[in-house]
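S.K.: Okay, here's the structure, questions in a sec.
The values are calculated or read from the model by the stated rules, or taken from the named source; none is laboratory data. As the structure is a prediction and not an experimental result, all values here were calculated from the model. Here the Cβ is made from the backbone with ideal geometry for all residues, glycine too, and neighbour counts use every protein chain on show.
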Amino acid sequence: MRKILLSILLVGLLVSLIGCEESGTPSSEEPGGGNGTGIELALSAKQRVTSPIVGAPDLTALVDGNSAFAFDLYKALSEEEGNLFFSPYSISQALAMTYAGARGETEQQMAETLHFILSQGNLHPAFNALDLELASRGEGAKGKDEKGFRLNIVNAIWGQKNYKFLDAFLDVLAENYGAGLRLIDFINAAEDSRLTINDWVSDQTEERIKDLIPQGAIDEATRLVLTNAIYFNAAWLNPFQKEATQDGTFYLLDGSEVSVPMMSQIESLGYADGDGYLAVELPYDGSELSMVVLLPDDGEFEAFEGSLDVELADSILNDVEYRQVALTMPKFEFESEFSLAEALSAMGMPIAFSGAADFSGMTGTRELTIADVLHKAFVSVDEVGTEAAAATAVIMELTSMPEEPVQVTVDSPFIFLIRDIETGAILFVGRIMNPAA
């Protein structure tokens, strides 16, 4: 399996669907639902498949495609100035649930843009298998706090009461994403529905992602909201000593300088020295996930960033070898939020955002279109480890031996990724332009 970069984020995905009211699906009450009260469920006859039969080629194709999408989206988002952080894995999974209802040219454009190489019949089981693989990570490992390692990935679907969704669509989500349809009333209680979903996202992300869905994003036209939440909390395998952290200089691209807390350590770390860059890989406790720091040479940041794609990332990871590294890098913590509709349209799926969209696989009609895709993410990196969270909303509506350490001082803008080492799945991608921002 190709060794590919990954990043870890928490993501919640919103989809509001507009269409005609029809008879509802069979339902029951779920005690202690998303907002602390019982929530009516429209139950699929299917249960999540806990042992999906997915071959290694399909899993590799999924990871490779997700990685290609990750760097395509990074290029689109990096046009904005400043720090950047998002979860390509969560965005891919959230859009995969939406993709399950896409048909015709809408389906084709989404597949090409998201690099969904597999057929619908193979793609969703592959996502299920990868999710279950990631869920097995971190047994006995430490977290950034005292609660232990966490990598939690959860899905939920929120639908309008008395609105008919196709059983086949609900079955795909139930079998492969563990997502049951929670029935709420967007028409008569839009604001309460928004708060309920936001509370669920906050709970799943340990309160790191709040107010994912802004006021006005849900209204009486909303019919469906698909949410995916990921939370990551892990300690470094080799923690930095807090007493070694000192204020140091970080050099910005415009030639100015800022003073920020810089962590330091000498450890055996993954290291690669390429044409125009250095790479350092820092494993998390348990050695199953890692952060990869990509530091362009002085004056080479824009050229390196412009050339960064899945092929270059793959090459860099293949070149990584463990060496003694004297590493100095900044502590940082920040949030990012985006509206992704324009970027995704420009990347190749404009029909999904137009009146010509075909999401008839959800309801049997072609009345639904994506109004926007919202994304919000948080990351904190310090001497102990990393905490990361994110949420995405897709809003739909009508129409070795001791050696001399290599010196690496991360004191200028850099790119970083968090990856699952075995599968190569990309969970998070980030950029630090100014750690003091």
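S.K.: Go through segment 26-83 residue by residue and tally those that are in contact with a Ser or Thr (Cβ under 9 Å, 6 or more places away or on another chain), at pLDDT below 95 and hydroxyl-bearing (S, T, Y).
M.R.: Summing the residues that are in contact with a Ser or Thr (Cβ under 9 Å, 6 or more places away or on another chain), at pLDDT below 95 and hydroxyl-bearing (S, T, Y) in segment 26-83 gives 2.
S.K.: Yes or no: L312 surrounded by fewer than 19 Cβ atoms within 10 Å (Cβ to Cβ), hydrophobic (A, V, I, L, M, F, W, C) and either closer than 19 Å to A70 by Cα or assigned by TED's automatic domain parsing to the domain that holds T386 (or both)?
M.R.: Numbers: surrounded by fewer than 19 Cβ atoms within 10 Å (Cβ to Cβ): yes; hydrophobic (A, V, I, L, M, F, W, C): yes; either closer than 19 Å to A70 by Cα or assigned by TED's automatic domain parsing to the domain that holds T386 (or both): yes.
Criteria met by L312.
S.K.: Hey, does segment 342-351 have a residue that's modelled with pLDDT of 95 or more, of a type in the set (S, T, Y) and closer than 28 Å to V154 by Cα?
M.R.: Among the residues of segment 342-351, at least one is modelled with pLDDT of 95 or more, of a type in the set (S, T, Y) and closer than 28 Å to V154 by Cα, which makes the answer yes.
S.K.: Just give me the residues in segment 259-292 being more than 18 Å from G430 (Cβ to Cβ) and hydrophobic (A, V, I, L, M, F, W, C), in sequence order.
M.R.: Of everything in segment 259-292, those that are more than 18 Å from G430 (Cβ to Cβ) and hydrophobic (A, V, I, L, M, F, W, C) turn out to be I266, L269, A272.
S.K.: Counting only residues that are assigned to a loop (DSSP other than H, G, I, E, B) and touching a Leu at 6+ places or on another chain (Cβ under 8 Å), how many does segment 129-153 have?
M.R.: 2
S.K.: Same structure again: Any residue in segment 150-172 that is of a type in the set (D, E, K, R), farther than 30 Å from E422 by Cα and at pLDDT 90 or above?
M.R.: As a first pass, look at segment 150-172 and keep what is of a type in the set (D, E, K, R): 150, 161, 164, 167, 171.
Pick out the ones that are also farther than 30 Å from E422 by Cα and you get 161, 164, 167.
Next cut, at pLDDT 90 or above only: 167.
Taking every residue of segment 150-172 in turn, at least one turns out to be of a type in the set (D, E, K, R), farther than 30 Å from E422 by Cα and at pLDDT 90 or above.
S.K.: Residues of segment 139-158 being buried (at least 22 other Cβ atoms within 10 Å of the Cβ) and under 19 Å from the mean Cα position of the chain (by Cα), which ones? Explain how you work it out, then say what you get.
M.R.: Of segment 139-158, the ones buried (at least 22 other Cβ atoms within 10 Å of the Cβ) are 144, 149, 151, 153, 155-158.
Across segment 139-158, the qualifying residues are F149, L151, I153, N155, A156, I157.
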